[in-house]
Amino acid sequence: MHNDQPFAEAANEALHKLVSDTLPQAEGVQHIVEIGVVYEKVLEAIALSHADLVIVGAHKPDLADRFMGPNAARIARHAGISTLVLRV
């Protein structure tokens, strides 16, 4: 099994910088870096947080006019909170 911890730490640092640079005045914005099945990790994070809204990106270029990706679709269906899906 590979040790993915260095990748997670690097991704967390990059994401923290992006959030700080992009949303310097925002309070309560959380970012979490996990390794695993995307929709499962997002749904776990939602269950553990007190979030009011989850924002996920959807990228499915072959079917851009009809569908969102499978992770975004599962998150939107099962989040239990408001979900904003951004097509990127």
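Checking each residue in the range 34-62 for being surrounded by 15 or more Cβ atoms within 10 Å (Cβ to Cβ) and in contact with a Ser or Thr (Cβ under 8 Å, 6 or more places away or on another chain) picks out Val54, Val56. Tell me, which residue of the range 16-33 that is within 14 Å of the chain's Cα centre (by Cα) and within 19 Å of Leu43 (Cα to Cα) is surrounded by the most Cβ atoms within 10 Å (Cβ to Cβ)? The qualifying residue surrounded by the most Cβ atoms within 10 Å (Cβ to Cβ) is Val33.
Throughout, read-outs are computed from the coordinates displayed, never taken from laboratory work. Bear in mind that the values here come from a model prediction, so they are computed numbers and not experimental data. When we count neighbours, we look across all protein chains shown, and the Cβ atoms used for this are built from the backbone with ideal geometry, even at glycine.
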